[in-house]
Amino acid sequence: MDAATIGLDPQLFQASVLPAFSAFGYINIGNAGNNQIRSFPRTTTSLQANATRQTGNHSLRFGLWWESNLINNVDRHGGNFYFNRGMTSGPIAEADSNTTGNGLASLLLGTGEGGYSAFPADMAASLRYYAGYVQDVWTVTDRLTVNAGLRYEIQRPATERFNRVAWFNPDISNPIGDQAGFPVRGGFEFATEDDRGQWKQDWNDFAPRLGVAYKLTPKLVARAGYGIFYAATSSLYTFDPVPGVSSFNAWNAANGFVPVNRISNPFPQGVTKSGEGNSGLLTSVGGEEGQVWLREPHDTPYKHQYSVDFQYQLNESTVAEVGYSGFQGRNLLFGNPSNFNQIDPELLGLGNALNEQVPNPFFGVITGDTGLAAETVPRAQLLKPYPHFSHLGITRSLPGATSSFNALNLKLSRAFSDGLAVIATYQYSKNIDNASQDQGWANNDQWRDQYNKELERSVSAHDVPHSFAVSLIYEVPVGRERKYGRSLPAVAEAIVGGWQVSSIVRLASGYPEAIRAGDELGDFGFQVNRPNQVAPAELDDRTPENFFNTGAFQEPAPFTIGTADRYPSDLREEPLRNVDLSASKRFAVQGYTLEFRTDILNLFNHPQFGFLDTQLGSGTFGQASGTANGSRNVQIGLRVKF
């Protein structure tokens, strides 16, 4: 079925599927938000050449690497329409209602609250990578080995087969200013046959590496290493809309509670299809765009990684290790798009004057369904760096984020001996960054001020200060082939003999949580605000209903930016305390081998409370609504070998 099946013009939709209809209080008709035709073929071609030469006590290695990634995205949408209670509410009509009206009745009348028909481009991108390296493993003495190398990498800017690539130039003069009578800067530029790359090339990706191993005594070895490692220059490339190429047609369903366009003809003026929105520097003027690329600077993300450790053999089967490791990340991808069309925070001192309506210089110049087409606009709109746009969300692939990780590592390993093998590890660490993920949706930690991204520097969303784990395997010493019970009767052997028990014990700190304040500054371009923290957040006797000290956080004063850390270090999920246990036994039966096994995950059924409500002012602020781990799970299996 498609749009024509229900009497709608199929030309108004990109995908030949049934549009989705969501009526408040009822099951959706169609798969709302996911009624798409999707295909993401990938082709990777690589060529490597490596050579090794042994000369004296040097082992030299050389190599070249070429890789081509062809990325195709077919992501065609079928349209989505939403119907609330408002259009059928009464006795006095409302734009929306929580008490009267009926969403299905609104649908039957064809009077909705909104919707859209999107036409993203079928992207066909190419990413190419080149690298070369030289490495020398130098055996200085029988006690000292030095491993030194240098790698050079080239990650070519992404291109698109049909040059459907755009970026925002913040410095270029926009012709809309000539029409409005005052100069404005900023506009979208598009790739050409002579200039195809999504970003400017970084030619400085040299990656030295150095490692040293030294045997201090027959039982004690020291190792140290350092290296620079480069990361990918983009994240989820081709999944985001391209200004002027991808189009988004909003259903103008109502003006308040007055219907405008009914569902029988949702787009009477037609729709803008993929590729039809390219108006040069005037593209998207008056509107908003997300995932906007800035072409430069676009330095390659990288990390300085380093480590030093000592390994000591306690006896023939046991080794102890102590070490220090860490990294310093630079030019990392910010991951979560934030608005860069934001007023200077110093202007917040104007207070309520920012909301005052002033004459709109773009009135009569910018037209259409946008606030910038009105006769007046809030003063704050004209104080934005790009007043001819309402919102400009930066790409998740924007480089510039930083991170710092340092850890003390302890490890004890016991090789299998006398029926027991154990590996125990402990890590004490600190992870700090100002952006915790290069994809963005999991952490949702946008910056609160695009002019001061260091405000977001705090413990990372991945910070786990303490982490302890023990893994063991124990052969119970009872049975005909074990230390005890060599003369067990057959029945007793079948019941108690020959068992193997294994377990994994994990204890770790909980992940930190971020607090959000109100969105008073949103109209001025600020993506998110944080509260002020005035007291410790941690409680000694917390419960799921009162998980942290809610009084520790206060809304910032009007027209100010909150000062709390992005992730307060004393506000965390429940610590992880988990024990998994397994027991297994093998039986030999008439030429067959039977293996019985039972696994108990989360043996003590300990909950790790999480899913905290961290929105200041919410009715459930400070409460945990779920667990971050699973409940006890018992699995029993029988395997037959023949």
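The values are calculated or read from the model by the stated rules, or taken from the named source; none is laboratory data. What you are looking at is a predicted structure, and each value in this text was computed from that prediction instead of being measured. Counting neighbours? That spans all protein chains shown, and the Cβs are built from the backbone with ideal geometry, glycine included. SASA here: full protein model, heavy atoms, side chains in, ligands and nucleic acids out. Shrake-Rupley method; radii C 1.70, N 1.55, O 1.52, S 1.80 Å.
Within the chain, antiparallel bridges make up roughly 95 percent of the DSSP beta bridges whose residues both belong there. Annotation: per residue accessible area for segment 602-642 equals 64 Å², rounded to a whole number [probe 1.4 Å, protein chains only]. Between the beta carbons of Glu481 and Leu507, assuming R0 = 51 Å, the FRET efficiency works out to 0.90 to the nearest 0.05.
Per residue, the average separation of C-alpha pairs within less than 8 Å and at least 6 apart gives the chain a relative contact order of 8 percent. Heavy-atom accessible surface of segment 430-539, averaged per residue, reaches 49 Å², computed with a 1.4 Å probe.
Just to confirm a number: summing +1 for Lys and Arg and -1 for Asp and Glu over residues other than Arg76 whose beta-carbon lies under 9 angstrom from that of Arg76, what do you get?
Values: positive: Arg38; negative: Asp75, Asp122.
So the surrounding residues net to -1.
For Leu539 and Asp519, what is the calculated FRET efficiency with R₀ set at 25 Å and r taken between the beta-carbons, to the nearest 0.05?
Numbers: r = 27 Å, r/R0 = 1.09.
Working from the Cβ atoms, E equals 0.40.
Between Ser59 and Ile37, the distance separating the two model label sites (each 7 Å from Cα on the Cα→Cβ line) works out to 5.5 nm.
Let me check I've understood the local charge: for Arg486, count other residues with C-beta under 15 angstrom from its C-beta, Lys and Arg +1, Asp and Glu -1. What total comes out?
Working: positive: Arg480, Arg482, Lys483; negative: Glu475, Glu481, Glu493.
Computed value for this residue: 0.
Only Cα pairs under 8 Å and 6+ residues apart enter the sum, and on that basis the relative contact order of segment 497-565 stands at 30 percent. Shape class for segment 3-46: oblate, because the ratio a/c of the largest to smallest gyration tensor axis (alpha-carbon atoms, square roots of eigenvalues) is 1.5 or more and b/c is at least a/b. Here the label points at Asp570 and Asn278, each 7 Å from Cα along the C-beta direction, are separated by 5.7 nm in the simple model. The Cβ shell under 12 Å around Val528 holds other residues with a net charge of -1, Lys and Arg each +1, Asp and Glu each -1. From its DSSP helices (H runs of at least four residues, each -39,500 (n - 2.57)), the chain gives a residue-normalised ellipticity at 222 nm of -1000 deg cm²/dmol.
Extension gain for Ala232 to Tyr324 (0.36 nm times residue separation, less C-alpha to C-alpha distance): 30.5 nm. Protection proxy ranking of 521-529, 621-629, by the mean of other Cβ atoms within 10 Å over each peptide's residues and highest first, is 521-529, 621-629. Across the options Tyr133, Ile495, Pro183, the greatest Cα extent toward the positive end of the charge dipole of the chain (unit charges at beta carbon of Lys, Arg, Asp, Glu) belongs to Ile495. Calculated on the alpha-carbon coordinates, the convex hull of the chain measures out at 249 cubic angstrom per residue. For the chain, the carbon plus sulfur part of the accessible surface works out to 54%, probe radius 1.4 Å. This model, with +1 at the C-beta of Lys and Arg and -1 at the C-beta of Asp and Glu, gives segment 357-445 a dipole about its Cα centre of some 280 debye.
What is the extension gain from Glu375 to Arg597, computed as 0.36 nm multiplied by their sequence separation minus the C-alpha to C-alpha distance, in nm to one decimal?
Details: separation 222, 0.36 × 222 = 79.92 nm, distance 7.50 nm.
Contour length minus Cα-Cα distance gives 72.4 nm.
Between Lys641 and Gln179, what length in nm is gained on full extension when 0.36 nm per residue of separation is reduced by their alpha carbon distance? Intermediate results must be reported in sequence, preceding the final value.
Working: separation 462, 0.36 × 462 = 166.32 nm, distance 8.18 nm.
Difference between extended and current length: 158.1 nm.
Note on Ser68 and Ser16: with the Förster distance fixed at 45 Å, the Cβ-Cβ geometry gives a FRET efficiency of about 0.90. The magnitude of the dipole of the chain, with charges of +1 and -1 set on the Cβ of Lys/Arg and Asp/Glu and taken from the Cα centre, is near 3000 debye. Partners of Lys215 within straight-line reach, counting lysines whose Cα lies under 25 Å from its Cα and excluding those fewer than 8 residues away in the same chain: Lys411. Here Lys273 is the anchor, and the aspartates and glutamates within straight C-alpha reach of less than 13 Å, apart from those fewer than 8 places off in the same chain, are Asp122. Could you list, in their original order, any pairs among Lys219/Lys430; Lys219/Lys303; Lys384/Lys453 whose Cα atoms are separated by more than 29 Å? Over 29 Å Cα-Cα: Lys219/Lys430; Lys219/Lys303. Can you return the aspartates and glutamates within cross-link range of Lys641? Criterion is Cα-Cα under 18 Å, with same-chain partners fewer than 8 residues away left out. Cα-Cα hits under 18 Å: Glu595.
Between Ser631 and Thr139, the distance separating the two model label sites (each 7 Å from Cα on the Cα→Cβ line) works out to 6.0 nm.
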